[in-house]
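As structure tokens, the structure follows; a few thoughts come after it.
The values are calculated or read from the model by the stated rules, or taken from the named source; none is laboratory data. A quick note: this is a predicted structure, and the numbers were derived from the prediction, not measured.
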């Protein structure tokens with residue numbers, strides 16, 4: 001019985017995280033002429049699940065139940081490690097329980113596809129906010145600081161030219177970042193654990209950031 005349970009759980013994960021494969025089957029079947037759209041969309045997935053259930057010597061309902069339980073378990077794990085917020089977890093859980101909208105597999109697939117673009121947007125946004133904070137501490141406009149950085153200077157160089165202690169600049173950057181992350185946590189867009197990790201990463205790299213130049 002334990003072996004069957006493990007097989008069901010494994011199969012469920014494959015289906016949940018490999019939803020694109022099932023989706024591909026559905027797309028191919030949609031090209032068949034003379035078949036109502038609802039039938040074309042529903043039949044391939046049920047056929048795959050039915051065959052998988054038969055191979056595992058369990059009923060289709062048992063397989064569906066295992067998939068649902070695995071999806072909910074994954075949501076709990078993503079919430080626990082700070083990958084998603086409570087608000088996001090609630091929305092995904094609602095869709096899983098109601099069987100409406102994209103499944104967890106599609107949601108995770110979309111997150112994976114958007115991951116690199118999201119990271120690049122985050123880096124650009126973080127750089128803008130660091131420049132704004134540093135410029136405020138130095139007493140110049142952000143565009144002036146950007147121009148100095150493009151000329152090969154570092155934030156530390158510009159601060160020294162304006163007789164501003166580098167520690168004051170670093171304190172301003174940290175204070176602004178802390179306030180911004182607190183807003184995101186309060187809005188449910190970021191978990192506190194993730195915010196703490198980001199602040200720690202900023203602290204670990206701040207000396208390198210303020211001393212970095214275009215030629216480094």
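Side notes on the structure shown:
- Check on residue 66, farther than 30 Å from residue 197 by Cα, assigned to a helix (DSSP H, G or I), outside the structural domain of residue 191 (by TED's automatic domain parsing) and modelled with pLDDT of 85 or more: yes
- In the set 172, 197, only one residue is closer than 22 Å to residue 149 by Cα and not assigned by TED's automatic domain parsing to the domain that holds residue 82; that residue is 172.
- Restricting the search to helices (runs of 4 or more DSSP H) fully inside the stretch 114-216 and requiring at least 1 residues that are within 30 Å of residue 85 (Cα to Cα) and modelled with pLDDT under 95 gives 166-186, 192-211.
- Any hit, the stretch 30-49, residues being more than 24 Å from residue 94 (Cα to Cα), in a loop (DSSP other than H, G, I, E, B) and at pLDDT 85 or above: no
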